[in-house]
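Student: Once you've had a glance at the structure underneath, I'll fire off some questions.
The values are calculated or read from the model by the stated rules, or taken from the named source; none is laboratory data. Here the structure is a predicted model, which is why all the values come from computation and not from measurement. Cβ atoms come from the backbone with ideal geometry, glycine included; neighbour counts cover every protein chain shown. Only protein heavy atoms, including side chains, enter the accessible area calculation; ligands, DNA and RNA are left aside. Shrake-Rupley method; radii C 1.70, N 1.55, O 1.52, S 1.80 Å.
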Amino acid sequence: MKAILEATNDRGVDVAIEALGTQATFESCLRVLRPGGVLSSLGVYSGKLTLPVDAFAAGLGDHTVVTTLCPGGKERMRRLMNVVASGRVDLKPLVTHRFTLDQIEKAYDLFANQRDGVLKVAITP
């Protein structure tokens with residue numbers, strides 16, 4: 001969070017994407033938004049999610065929170081995939097664990113219980 005604010009001269013970002021599904025990352029995304037910024041919340045939250053007033057700038061930050069798995073449907077997903085394909089963002093560090101298809105129950109258990117520093121799990125045949 002600190003690095004993002006430093007990189008933007010404390011202005012904040014136009015858009016933050018929360019894809020992990022934890023309270024901590026949700027709050028961090030809110031805290032790095034510029035006034036009028038958008039938080040796209042794609043994460044799947046397994047517990048209670050709260051909207052902290054201080055992180056939401058007490059409603060004065062004119063923030064928008066979009067909570068859907070893929071806002072904008074196919075077009076938005078196409079754009080996101082183009083960004084990844086262009087090499088402008090490296091998502092490999094997000095995949096922290098790999099499992100084979102026959103280990104899927106173990107993978108779901110690890111992810112559901114957020115153990116061993118898991119961020120994202122890849123399942124391969």
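Student: Among the listed residues Leu80, Leu91, identify the single one that is at pLDDT below 90, open to solvent by 60 Å² or more (accessible area, probe 1.4 Å) and under 13 Å from Ala19 (Cβ atoms).
Tutor: Leu91
Student: For Lys120, state whether it is over 18 Å from Met1 (Cβ atoms), in contact with a Phe, Trp or Tyr (Cβ under 9 Å, 6 or more places away or on another chain) and open to solvent by 60 Å² or more (accessible area, probe 1.4 Å).
Tutor: Criteria met by Lys120.
Student: Identify the single condition in (1) assigned to a helix (DSSP H, G or I); (2) in contact with a strand residue (DSSP E or B) (Cβ under 7 Å, 6 or more places away or on another chain); (3) not basic (Lys, Arg) that Glu75 does not satisfy, given that it satisfies every other one.
Tutor: With respect to (1) assigned to a helix (DSSP H, G or I); (2) in contact with a strand residue (DSSP E or B) (Cβ under 7 Å, 6 or more places away or on another chain); (3) not basic (Lys, Arg), Glu75 is out only on (2).
Student: Report every pair of residues separated by at least 6 positions or lying on different chains whose Cβ atoms are under 8 Å apart, first residue within the stretch 109-125 and over 14 Å from Val44 (Cα atoms), second among the hydrophobic types (A, V, I, L, M, F, W, C) and in a strand (DSSP E or B).
Tutor: Leu110/Val121; Ala122/Val95; Ala122/Phe99; Ile123/Phe99; Thr124/Phe99
Student: For the stretch 14-65, what are the residues that are within 26 Å of His97 (Cβ to Cβ), open to solvent by 50 Å² or more (accessible area, probe 1.4 Å) and among the charged types (D, E, K, R)?
Tutor: Hit for the stretch 14-65 is Lys48, nothing else.
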